Amino acid sequence: MGLVAGKVAMVTGAAAGIGRSTALLFAAEGAKVVVSDIDDKGGEETAAMIRASGGEAIFVRADVSKAKDIAALAAAATKAYGRLDCACNNAGIEGKITPFHEQPESNFDAIMAVNAKGVFLCLKAEIALMRKNGGGAIVNLSSVAGLIGFPGLSPYVASKHAVIGMTRNAALEHGKDGIRVNAICPGGIETRMLDSLADQASGGKLSTHDMMDPLHPIGRIGKPQEVAELIVWLCSDRAAFVTGAAVPVDGGYTAQ
Ligand code: NAD
C-alpha cells in the first residue's frame, strides 16, 4: 500500500521542477492527482507521465494569482474525483536579483501575487473542500528564504516569510476540522528557478552546481525528488501530529 493510497491530491506549479516530482510521487504512492499550472504543455506532460505509469491524473490550467482560476480548479477537482485530501501549494516565481533601494514596485507586486496571494487563494479553496470531507493535509512551498534573508531578493524573501505566517494561521484555525497545514523550506534544488538565480548571481560565469553546491553543508544542492519525499510524507497519515510547522529540507543550509 502506498503512503497516500486512495487519496486525492492537488499540486500547483506541477508542470516542472519540484511540483512535477511531487505530482509523480503522489501518484506512485497511490493518490489520484490534479495537476495544475499555467504551462499547458508541461502540465499535460506531467499528467500523461502519471497515466503512463498506471496512475490517475487530470491537468487543469490555473493561474494561482487569479481567484476565478482557483475557483474553477477546485470545481474541476471536485467534478473529477469528488473530494480533496492532500494539496501542495508549490507554484512560485523568483524575479530579478536587485538591491532593495532599486527594487521596482512591479517586481514586488508580481512576486507577491503568485507566491503569497496565490497560496492565500489556494488555501481558502482547499480548506473549504477539505472541510466537506472531514479533513485533509496541505503543504505550502516556502523556502530557506522564508526563514532568513537573501541580499537582492527582498520581494521573494517577503513572499516566502508570508507563506510561513499563513501556514501557521491556517493550521491554528483548522486543526479542529481535521486539517493539517505545514510549510517546507527547501535550500537550493536542481530546477529552472535555481539555474536562473545562479545565473543572475554569478553574471553567467558559474554553473548552478559550481555556484550553489559549496553553499550547502552537505556539499551539494538537492534534487526535486528529495523535496517531494517530505511533501508526500507530510500529507500522509504518518504525519498525523505535525501541523503549523516550517520544516527545512536544505542540506543543512539554515544550520549554519
Ligand atoms: P520551477 O520554475 O521549475 O517551477 C515552477 C512552476 O510554477 C512552473 O511550472 C511554472 O509554470 C509554475 N508557475 C509559475 N507561475 C505560476 C502561476 N501564476 N500559476 C500557476 N503556476 C505557476 O521552480 P521550482 O524550483 O520547482 O519551484 C517550486 C517552488 O519551490 C516555488 O514556490 C519556489 O519558490 C520553491 N523553492 C524552490 C527552490 C529551488 O532551489 N528550486 C528553493 C526553495 C523554494
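The values are calculated or read from the model by the stated rules, or taken from the named source; none is laboratory data. On a predicted model such as this, the values are computed, not experimentally measured, just so you know. Because the Cβ atoms are built from the backbone with ideal geometry, glycine has one as well, and the counts that use them run over all protein chains shown. The area values use the complete protein model at the heavy-atom level, side chains included, leaving out ligands, DNA and RNA. Shrake-Rupley method; radii C 1.70, N 1.55, O 1.52, S 1.80 Å.
Pairs only if they're at least six apart or on different chains, beta carbon under 8 angstrom, first in segment 179-200 and more than 14 Å from L230 (Cα to Cα), second more than 9 Å from the ligand (Cβ to nearest atom) and aromatic (F, W, Y); list them, first residue then second.
G188/Y253
Restricting to segment 152-167, what's the tally of residues that are surrounded by fewer than 20 Cβ atoms within 10 Å (Cβ to Cβ) and free of Cβ contacts under 8 Å to residues at least 24 places away in the same chain?
Going through segment 152-167 one residue at a time, the tally reaches 2.
Name the single residue that is nearest to the ligand (Cβ to nearest atom) among those in segment 129-150 being in contact (Cβ under 8 Å) with a residue 40 or more places away in the chain and surrounded by fewer than 18 Cβ atoms within 10 Å (Cβ to Cβ).
That would be I148.
Can you give me the number of residues within segment 38-66 that are outside any loop (DSSP other than H, G, I, E, B) and farther than 24 Å from G134 by Cα?
Let us first name the residues in segment 38-66 that are outside any loop (DSSP other than H, G, I, E, B), namely 40-52, 57-61.
From the residues that got through so far, the ones that are farther than 24 Å from G134 by Cα too are 40-52, 59-61.
The total comes to 16.
Of the conditions (1) over 15 Å from the mean Cα position of the chain (by Cα); (2) away from the ligand (no atom under 16 Å from the Cβ), C86 clears all except one; give me its number.
(1)
Quick one: V181 ticks every box in (1) touching a Cys at 6+ places or on another chain (Cβ under 8 Å); (2) open to solvent by less than 40 Å² (accessible area, probe 1.4 Å) bar one, so which box is it?
Of the numbered conditions (1) touching a Cys at 6+ places or on another chain (Cβ under 8 Å); (2) open to solvent by less than 40 Å² (accessible area, probe 1.4 Å), the odd one out for V181 is (1).
Answer with yes or no whether K79 is open to solvent by 10 Å² or more (accessible area, probe 1.4 Å) and within 16 Å of the ligand (Cβ to nearest atom). Full working, then the answer.
Details: open to solvent by 10 Å² or more (accessible area, probe 1.4 Å): yes; within 16 Å of the ligand (Cβ to nearest atom): no.
Criteria not met by K79.
Somewhere in segment 16-37, is a residue in contact with a strand residue (DSSP E or B) (Cβ under 7 Å, 6 or more places away or on another chain), part of a loop (DSSP other than H, G, I, E, B) and near the ligand (Cβ under 10 Å from one of its atoms)?
Scanning segment 16-37 turns up no residue that is in contact with a strand residue (DSSP E or B) (Cβ under 7 Å, 6 or more places away or on another chain), part of a loop (DSSP other than H, G, I, E, B) and near the ligand (Cβ under 10 Å from one of its atoms).
Consider only pairs whose beta carbons are under 6 Å apart and that are at least six residues apart or on different chains; among these, list those whose first residue lies in segment 88-117 and is more than 22 Å from G42 (Cβ to Cβ) and whose second residue is surrounded by fewer than 17 Cβ atoms within 10 Å (Cβ to Cβ).
I97/Q200
With the structure loaded, tell me whether T191 is within 30 Å of D109 (Cα to Cα), open to solvent by less than 60 Å² (accessible area, probe 1.4 Å) and within 9 Å of the ligand (Cβ to nearest atom) or whether it fails that test.
Values: within 30 Å of D109 (Cα to Cα): yes; open to solvent by less than 60 Å² (accessible area, probe 1.4 Å): yes; within 9 Å of the ligand (Cβ to nearest atom): yes.
Against the criterion (within 30 Å of D109 (Cα to Cα), open to solvent by less than 60 Å² (accessible area, probe 1.4 Å) and within 9 Å of the ligand (Cβ to nearest atom)), T191 qualifies.
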